[in-house]
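Here's the structure we're looking at; comments come further down.
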Amino acid sequence: MPRVLLLGGTTEASRLAQALADAQVDAIFSYAGRTESPLLQPLPVRVGGFGGVDGLRAWLQAQHISHVVDATHPFAVQMSCNAVAACAATGIPLLALERPAWQAQAGDHWQQVPDMESAVGALPDAAVRVFLAIGRQHLAPFLAQPQHWFLLRLVDASLELPPERGHIVLARGPFTEAGDTALLQQHRITHVVAKNSGGSGAEAKLSAARALGLPVILIDRPAIPLRPTVARVDEVLQWITGHHGNTGVATARGV
Ligand SMILES: NC(=O)c1ccc[n+]([C@@H]2O[C@H](COP(=O)([O-])OP(=O)(O)OC[C@H]3O[C@@H](n4cnc5c(N)ncnc54)[C@H](OP(=O)(O)O)[C@@H]3O)[C@@H](O)[C@H]2O)c1
């Protein structure tokens with residue numbers, strides 16, 4: 001019988017957790033433990049890092065895991081690399097559930113950049129009002145630019161900004177184009193900075209920027225080694241239950 005480790009922290013992971021629970025698949029859901037109030041899951045949940053590749057390898061063996069599904073965020077590169085290495089070392093099959101990246105449409109004013117550092121460099125020298133939609137981990141190099149004003153949207157109240165430097169909105173997606181358009185207008189935003197996360201829940205800010213004709217600095221996904229990847233929950237279920245032998249196209253991002 002399969003016993004699955006589901007590496008979570010995304011909408012797709014929560015959808016897969018529900019599908020696994022509905023199919024009565026023996027599975028454990030893993031959170032990194034970054035947020036104060038993570039969504040409840042219909043599966044047994046563990047929280048916190050495994051302790052690098054060695055820790056993950058030992059955990060997989062101790063828990064008799066037969067399948068690993070990496071449904072972490074496309075920017076959770078360390079966890080994804082660790083999963084590739086630990087699965088290779090143990091021989092446990094790995095499948096990534098990954099949403100396709102966003103593609104520019106007519107009317108978009110995107111500047112695509114390879115990393116955070118380039119995104120900081122892509123902002124104008126003159127003072128601008130930025131919707132900085134990158135989560136909370138990489139804010140420091142942006143906030144070190146004293147001339148700019150920043151609108152942040154976070155899940156937890158884990159940070160404070162003086163009003164002359166910016167404003168923090170506490171919210172959890174999915175977001176709507178109408179809501180994000182109003183947000184950008186209310187704060188007189190001139191530039192949007194975002195990660196190319198893909199998916200529908202966070203796309204609204206890009207639609208809003210398009211509607212308002214605003215420039216977007218879009219950060220490319222980081223490189224991850226070769227691993228089989230699918231985009232849909234039902235493909236993961238087929239892989240686990242063994243009805244289709246060759247699920248997943250082996251892909252590597254940028255390596
Ligand atoms: N990065 C983003 O933009 C983003 C956005 C939305 C949600 N998330 C979610 O937030 C979590 C952390 O993201 P991150 O970018 O900080 O990851 P990361 O940099 O790739 O991971 C750093 C370390 O955190 C631990 N970790 C990460 N995901 C884990 C998981 N699902 N279960 C157990 N341990 C985990 C691992 O610690 P050990 O080495 O000790 O095992 C990993 O080496 C992920 O689960 C991701 O899906 C991330």
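Overview of results
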{"quantity": "Net charge contributed by nearby residues that have their C-beta within less than 13 Å of Ser37 (K/R +1, D/E -1)", "calculated": "0"}
{"quantity": "Global geometry of the stretch 193-236, whether rounded, prolate or oblate, following the gyration tensor of its Cα atoms and the 1.5 cut on a/c", "calculated": "oblate"}
{"quantity": "Dipole magnitude of the chain about its Cα centre (Cβ charges: Lys, Arg +1; Asp, Glu -1), debye to nearest 20", "calculated": "60 debye"}
{"quantity": "Share antiparallel - DSSP beta bridges, the chain, percent rounded to 5", "calculated": "10 percent"}
{"quantity": "Projected area averaged over orientations for the stretch 118-255, convex hull of C-alpha atoms, nm²", "calculated": "10.2 nm²"}
{"quantity": "Value of relative contact order over the chain, rounded to a whole percent, pairs C-alpha under 8 Å and six or more apart", "calculated": "20 percent"}
{"quantity": "Accessible-area composition of the chain, carbon plus sulfur, in percent [1.4 Å probe]", "calculated": "54 percent"}
{"quantity": "Paramagnetic label zone (point 7 Å from Cα along Cα-to-C-beta, Leu212; backbone N under 11 Å) in the stretch 123-141", "calculated": "129-132"}
{"quantity": "Distance between the stretch 194-236 and the stretch 13-79 - C-alpha centres, whole angstrom", "calculated": "22 Å"}
{"quantity": "FRET E, pair Gln61, Gln24, Förster distance 30 Å, beta-carbon r, rounded to 0.05", "calculated": "0.80"}
{"quantity": "Alpha-carbon Rg with Dmax, taken over the chain, Å", "calculated": "19.4, 60"}
{"quantity": "Rounded accessible area per residue of the stretch 74-212, 1.4 Å, Å²", "calculated": "47 Å²"}
{"quantity": "Rounded if a/c under 1.5, otherwise prolate or oblate - the stretch 1-130, Cα gyration tensor axes", "calculated": "prolate"}
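The values are calculated or read from the model by the stated rules, or taken from the named source; none is laboratory data. Since this is a predicted model, take the numbers as computed values, not measurements. With ideal geometry, Cβ positions are generated from the backbone for all residues, glycine too; neighbour counts draw on all protein chains shown. All accessible areas refer to the heavy atoms of the entire protein, side chains included, with ligands and DNA or RNA removed. Shrake-Rupley method; radii C 1.70, N 1.55, O 1.52, S 1.80 Å.
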